[in-house]
There are 2 protein chains.
Amino acid sequence: MRKYWSELVKNTEPYVPGEQANNKKYIKLNTNENPYPPSLKVIEAIKNNVDNKLRLYPDPSCQELKKIISGYYGIKSKEVFVGNGSDEVLAFSFMAFFNPGKEILFPNITYSFYPVYAKIFNINYKTVRLNKDFSLPFEEFFKSNGGIIFPNPNAPTGKDLPLSSIKKILKKNINNIVIIDEAYIDFGGESAVGLVEDFPNLIVLQTFSKSRSLAGLRVGFALGQKHLIEALARIKNSFNSYTLDRLALKGAIEAIKDNKYFEKTRYKIIKTREKVSAKLRKMGFDVIGSKANFIFISPPDKNAEDLFKKLKENGILVRYFNQKEIKDYLRVSIGTDQEMDSFIKTLENF
Amino acid sequence: MRKYWSELVKNTEPYVPGEQANNKKYIKLNTNENPYPPSLKVIEAIKNNVDNKLRLYPDPSCQELKKIISGYYGIKSKEVFVGNGSDEVLAFSFMAFFNPGKEILFPNITYSFYPVYAKIFNINYKTVRLNKDFSLPFEEFFKSNGGIIFPNPNAPTGKDLPLSSIKKILKKNINNIVIIDEAYIDFGGESAVGLVEDFPNLIVLQTFSKSRSLAGLRVGFALGQKHLIEALARIKNSFNSYTLDRLALKGAIEAIKDNKYFEKTRYKIIKTREKVSAKLRKMGFDVIGSKANFIFISPPDKNAEDLFKKLKENGILVRYFNQKEIKDYLRVSIGTDQEMDSFIKTLENF
């Protein structure tokens, strides 16, 4: 019955997200969720808005949320675009800034959704091979290209690129779009947000799913100069007028407002990450220095797939990527101290 | 700064949704929202789920919601696709079932988002001219085409097509996809859901925004045979893994469960519509017989644009479409009896 499928569907190679375990006994360290709940103020704000107004459409332009995000970052409201999770913003960005024909560039080891977008929007791409230590040879981005996208810190390695290198990439690509996917930036990397005013070719993507504990609410955003935000808005308004519901808008606004809670929880995660990384290194693991809310680790015997299975049998879900270059590694999200103690203890028992 | 825009963006002609008045004094009859609040059980269910689990991703496959929708319609769970409002499901449908090159067909007077989708996904289309009374000359859909889409009842006219005609369209197009956009079906039209098992070329779209009073929550769905739902899922999973947030899922599930409230409110709206239609006819208006939660009316002097402005000045928002064929008409959403009394009284005062 594929005769009814469009050529586009026939060519898709859909993304497969990390397992969402229904079984509650798992310690879930596989989808980079925040181990801490959303701020109590966020919970309150949403609850207070579960009312009769749900019969009405939300504000299609999300003005209030844009205003509070722009205030937080010290930019203009017209320099903010919001969407249904940063995945939707990524999809719109591929549509808004890349063209079929000219190859875009991204790292060979990176967020595995990029090649999926490239496929569905018919964008050719070339990958930049990471160095052996998973660092990014950023000079490779100086070559002629049809656009650049990479996460900073990178996924699933957690390795960051300093702002000085990002500036060089932006300068060498002043006629091309450079998208910096900062889904994990709040856990220690240097954000490029401060460069938005200087570079007309820069898009910075962020999300409420990780550092703001709201994966279940679906809010992501892009920052960039007005002409770039307008391009994203044109795509969105050719696709779906209302991508954020009333409750998601309220929750996101409150999450930005409660900066104290945000700071507290992200530092807790950073502290746990450093502690766990040190312990694992002592146990003989290769641990890539991470600036994200996950670590990328290789066991002493290099048999990551085996370890993945054994952990699962013991009630701990982590992520294994069936990709040649990283087959010796596991990605482990940073949980609470208690969860990470169980993780370490389980490893010690093996 | 358009040099940074993709060719796709340069070609967009974005949709403009009806005004969302911030000013609360308006009687809002312009975006076909339900005048009645969501069921109290829906409100309760959402409130009870505003909790720490918001830190976790929602179920990307929305199994529970699919199950309850399929149960309601007596079809299989694999015959249901859910999305972020029926606009998102429409966008995915254009991607999943239509190809550039072969012209698709839709009415010349219809939901004004269809040509926007066609434009952005580079789908050629030809419009079928409605009869003078706005009825659909459905035999025009028997011509060779690359797919068919139309709303039933149609928008913004509210006119419905009987199931017998829809069956004929489906039979004559057994090798093409036929999408029936039933956003307004619960207000009196005959749904094609019962034909899903018989026709491998049928997609039925519905939404929670109108008859289930949840425009603010963003939930829509498609029904069709498994191979068609799989096509939609492949597009969605190449776009955004999690399009429905945790609270939208909970609210939608409960909205289907509370069938009693649904039946009560939709019949109230039908009753109000009939009463208002009769009154307007007595006042000399041309009122198209509607099976939707809105009416399409032309004032005795045919000056719809003027009436639109005068109503707005008097605190009543309706919708005027700046399109030649329907320039004499206004679309008026059905509000509460009280709101419609104010509407009629305001007209009488002019």
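Just so it is clear, none of the values below were taken in a lab; they were calculated from the coordinates. Predicted model, so just to flag it, every value in this text is computed and none were measured. Every residue, glycine among them, receives a Cβ derived from its backbone with ideal geometry; neighbour counts consider all protein chains shown.
Things to note:
- Region B:30-185: relative contact order in percent, alpha carbon pairs under 8 Å with at least 6 residues between: 17
- Note on B:PHE142 and A:GLU325: with the Förster distance fixed at 41 Å, the Cβ-Cβ geometry gives a FRET efficiency of about 0.15.
- Only aspartates and glutamates eight or more places from A:LYS324 in sequence, or on another chain, were considered; those with a Cα closer than 18 Å are A:ASP133, A:ASP286, A:ASP301, A:GLU305, A:ASP306.
- Modelled FRET efficiency - R0 22 Å, B:ASN52 with A:TYR267, Cβ distances, 0.05 increments: 0.65
- When the P(r) of region A:40-258 is calculated, the portion above 23 Å amounts to 45% of the C-alpha pairs.
- Diffusion coefficient, µm² s⁻¹, Stokes-Einstein with Kirkwood Rh over alpha-carbon pairs of the protein assembly as shown at 10 °C and 1.306 mPa s: 60
- 3J(HN,Hα) from dihedral phi, region A:135-148, Karplus parametrisation 6.51/-1.76/1.60, rounded to Hz, x for glycine, proline: 6, 9, x, 5, 5, 4, 7, 7, 5, 4, 7, x, x, 10
- Cβ-Cβ FRET estimate between A:LYS3 and B:LYS171, R0 fixed at 25 Å, reported to 0.05: 0.90
- Nearest-20 debye value, the protein assembly as shown charge dipole, Cβ charges on Lys, Arg, Asp, Glu: 200
- Whichever lysines have a C-alpha closer than 17 Å to that of A:LYS3, once near sequence neighbours (fewer than 8 apart) are set aside: B:LYS102, B:LYS171, B:LYS172, B:LYS226
- Under the combined filter of DSSP loop state and at most 15 neighbouring Cβ atoms within 10 Å, region A:148-200 retains these GluC sites (Glu not before Pro): A:GLU197.
- Beta bridges per DSSP, both residues in chain A: antiparallel share near 55 percent.
- Label-to-label distances for B:ASN349 across copies, nearest first, come out at 7.6 nm, using points 7 Å from Cα in the beta-carbon direction.
- Filtered trypsin sites (Lys or Arg not before Pro), region A:272-350: DSSP coil and at most 16 other beta carbons within 10 Å: A:LYS302, A:LYS327
- Partner shielding of A:43-54 amounts to 6, given as the average count of beta-carbon atoms from other chains within 10 Å of each residue beta-carbon.
- Each stretch of four or more DSSP H residues adds -39500 (n - 2.57); spread over every residue of the protein assembly as shown, this sum gives -10500 deg cm²/dmol at 222 nm.
- Among beta bridges that DSSP assigns inside the protein assembly as shown, antiparallel share in %, nearest 5: 55
- Per residue of peptide A:201-213, the mean number of Cβ atoms on other chains within 10 Å of the residue Cβ is 1.
- Per-copy distances of the B:LYS309 label point, shortest first, in nm (7 angstrom along Cα→Cβ): 7.6
- Per-copy distances of the B:LYS143 label point, shortest first, in nm (7 angstrom along Cα→Cβ): 5.0
- Likely footprinting exposure, A:VAL332, A:VAL9, fewest C-beta neighbours within 10 Å first: A:VAL9, A:VAL332
- Label point of A:ASP286 set 7 angstrom out along Cα-Cβ; within region A:311-350, amide nitrogens under 17 Å from it belong to A:320-332.
- Cα-based Rg of region B:149-286 normalised by 2.2 N^0.38 Å, two decimals: 1.19
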